[in-house]
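The values are calculated or read from the model by the stated rules, or taken from the named source; none is laboratory data. All values reported here derive from a predicted model rather than from experimental measurement. Every residue, glycine as well, gets a Cβ built from its backbone with ideal geometry; the counts of neighbours run over all protein chains shown. SASA here: full protein model, heavy atoms, side chains in, ligands and nucleic acids out. Shrake-Rupley method; radii C 1.70, N 1.55, O 1.52, S 1.80 Å.
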Amino acid sequence: MREPDGDLMLSVQPDSMSPTLPLLDTASLRLYQAMVVHEQLTLEGAAESIGDHEPGLIRTRTSIGRLMGLHLVGEADIEGIRHYYPVSPVAAEASVVESILRAANETVRQITQARSRLRMASQVYEEHRQPDSGTLTIHSGLADINGAIHQSAQECRSELLTFQPGGGRSRQTLSDSLPPTLAMLERGVPMRTIYQHTARSSVGTQDFVRVIREKGADVRTLDESFERLIIFDRTVAFIPGRLDRQTAIEIRQPGIIDFLAGVFERAWLRAKPFTAPDRSRTTTLISDQLSVAIIRHVVAGDTDAVTAQQLGISVRRCQEYIARIAAGLGSRSRAQLGFLVAQSGLLDEHPSETGTDC
């Protein structure tokens, strides 16, 4: 439900628990070479080998720290003086790998522990929650929202319906949403998606649509405004909880889901198959439909910002459309434009779409 959150979901990556290995820079390599040659060096000898004469020998201490972080250097106390000696890269590699594996095993242990404890809480929740409390669930925060949607996507088997408003999406967003989308399509899940007409001009969206259509998805566009909606198997639906899309409502109430699916089906009949912009009759028709939709908002007295938001276009583009329409009708003001539109009968020639032509 995030904008643009991917068409389906956003992958949430946990923080890595593996040790972070330091970089091996030129100064550290020179120091390691000196240690190999001399077999062992004190801090002062190490500083001299790399020409570090700064107060506190900060550069030398940093290089030693990096080498020790990579297990390439060991230390020993000889007659009260600390000496540093080189470790072979083969031995260092074995030590680093062992450290990473220990961290990985600890991560697996914590995952197993978390699942076990949450499974106990889940049992309590299922046993004691109120009978009707599961029909609507509020998810707050992107991690919670994406986790719930991801779970429903994995369980989806028979159908996916989505409204995706707001025009084209960024390539990064589309790239993030592509793997889970393809996973469902490859399982044989039928998918239908409705964008707004303005998404057709987005190169990234064109590429995304081409890929998923090759896998069996059906994509159309509409000149109307609508909110984001995802319906899995007509058993669970997700809608935004607030305008900022930082909360989402998970719906499992059959009556509400049937209503939302009906809204989608009626919109689907009015929508046009997705095609990339060209000079085809469909593209020309869609451009005309967008102009007419903008005119309707002008006549209704909506501001440019409201019109642009409802139609999924930028305010600047909306203003360019209005300027061209005004010039074509010879209008010199916003009020005169509304009058000239009404007088021209333009909206009578383009009534709101309610037919089944697609």
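Once amide H atoms are built 1.01 Å from N in the peptide plane, which residues 5 or more positions from Thr221, or in another chain, come under 5 Å H to H? Counting only residues 5 or more places away or on other chains, the set is Tyr195, Lys272, Phe274.
Converting phi to 3J(HN,Hα) with the Karplus coefficients 6.51, -1.76 and 1.60 and the offset θ = phi - 60°, the stretch 37-44 yields 5, 8, 6, 7, 9, 7, 4, 5 Hz in sequence order, with x at every glycine or proline.
Calculated accessible area for the stretch 39-172 comes out at 63 Å² per residue, all protein chains present (probe 1.4 Å; ligands, DNA, RNA ignored). Protection proxy ranking of 73-80, 84-91, by the mean of other Cβ atoms within 10 Å over each peptide's residues and highest first, is 84-91, 73-80. Per-peptide packing, taken as the mean over residues of other Cβ atoms within 10 Å, places 56-66, 224-234, 257-267 in the sequence 224-234, 56-66, 257-267 from highest down. Note on Phe259 and His53: the model spin-label points, each 7 Å out from Cα along the C-beta direction, lie 8.2 nm apart. Karplus-derived 3J(HN,Hα) values for the stretch 104-118, using 6.51 cos²θ - 1.76 cosθ + 1.60 with θ = phi - 60°, are 5, 5, 5, 4, 4, 4, 5, 4, 4, 5, 4, 4, 5, 5, 5 Hz; glycine and proline are entered as x.
A simple rule links phi to the HN-Hα coupling: the Karplus curve 6.51 cos²θ - 1.76 cosθ + 1.60 with θ = phi - 60°, which for the stretch 200-214 gives 5, 8, 8, 4, x, 5, 4, 5, 4, 5, 4, 5, 6, 5, 4 Hz, with x for Gly and Pro.
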